[in-house]
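Below is one structure, written out as structure tokens; comments come after it.
The values are calculated or read from the model by the stated rules, or taken from the named source; none is laboratory data. It should be emphasised that the depicted structure is a prediction, and the values quoted were computed from it without experimental measurement. Cβ: placed from backbone, ideal geometry, glycine included. Neighbour counts: every protein chain shown. Keep in mind that these areas ignore ligands, DNA and RNA; they rest on the heavy atoms of the full protein, side chains included. Shrake-Rupley method; radii C 1.70, N 1.55, O 1.52, S 1.80 Å.
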Amino acid sequence: MALPPKLQAALDLLRAMPKELKTQVLLDYAKKVPTPPKEVELERVHECQTPFFLKAWVEEGRVRLHFFVPDEAPTVKAFAGLLKEGLEGEPPEAVLAVPPGFYRGAGLEDLLTPLRLRGLEAALLRLQEQVRKSL
């Protein structure tokens, strides 16, 4: 199954950019992560060394997402922004079909350590687990 269109578009954009611009684009994604409302109960992704919290649920047939990552961790917060940009509002089936290594080939492997990339995969898997539970 193909990736959700917004996620595919974000990866295509990153893939087409020179390495030095990819970092800036990732930082732009970090800036797009709004602070979640206080009443939203977030779950920590313990596999990430940096504090990474998320909440995913299905509402009216669409996935809704909230994230919290400290501003002091812009690269990790960029992952949250990329996931929010690419998966917010998608049908649950599309979100559940995203493979853990969805980012491969977009050049993130050249910018980020394997540990950071495993954290991104763990965040996606936790997000998918929450989506499944809310169906």
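Using a probe of 1.4 angstrom and keeping all protein chains present, the accessible surface of the stretch 27-83 works out to 56 square angstrom per residue. Taking 21 Å as the straight-line reach from the Cα of residue 55, the lysines in range (excluding those fewer than 8 positions away in the same chain) are 6, 31, 32, 38, 77, 84, 133.
Residues whose amide H falls under 5 Å from that of residue 42, counting only those 5 or more places apart or on a different chain, are absent, with hydrogens built in the peptide plane. Once the Cα-Cα distance is subtracted from the 0.36 nm per residue extended length, the residue 62 to residue 125 segment shows a gain of 20.9 nm.
Once you treat every alpha carbon in the stretch 1-74 as an equal point and sum by Debye, what is log10 I(q)/I(0) at q = 0.12, 0.21, 0.27 Å⁻¹? Reported log10 I(q)/I(0), two decimals: -0.45, -1.15, -1.23.
Taking the inverse of the mean 1/r over every pair of distinct Cα atoms in the chain gives a Kirkwood hydrodynamic radius of 14.8 Å. Computing FRET efficiency as 1/(1 + (r/R0)^6) for residue 133 and residue 49, where r is the C-beta to C-beta distance and R0 is 25 Å, gives about 0.50. Per-residue ellipticity at 222 nm for the chain, helices alone: DSSP H runs ≥ 4 residues times -39500 (n - 2.57), over residue total, nearest 500 deg cm²/dmol? After summing the helix terms and dividing by residue count, I get -15500 deg cm²/dmol. Annotation for the stretch 58-113: trypsin sites (Lys or Arg not before Pro) lying in DSSP loop with at most 16 further Cβ atoms inside 10 Å of their Cβ are 104. Altogether, the Stokes-Einstein calculation at 4 °C and 1.567 mPa s, with the Kirkwood radius of the stretch 55-135 over Cα pairs as Rh, returns a diffusion coefficient of 99 µm²/s.
Taking label points 7 Å from Cα along the Cα-to-Cβ direction, residue 97 and residue 115 give a separation of 3.6 nm.
Using alpha-carbon pairs under 8 Å, 6+ residues apart, how would you state the relative contact order of the stretch 1-88 in percent? It rounds to 37 percent for the stretch 1-88.
Taken as Cα centroids, the stretch 80-96 and the stretch 1-50 sit 10 Å apart, rounded to the nearest whole angstrom.
When GluC sites (Glu not before Pro) are flagged only if DSSP places them in a loop and at most 11 other Cβ atoms lie within 10 Å, the longest unflagged stretch of the chain comes out as 73-135. Under the combined filter of DSSP loop state and at most 10 neighbouring Cβ atoms within 10 Å, the stretch 1-55 retains these trypsin sites (Lys or Arg not before Pro): 38.
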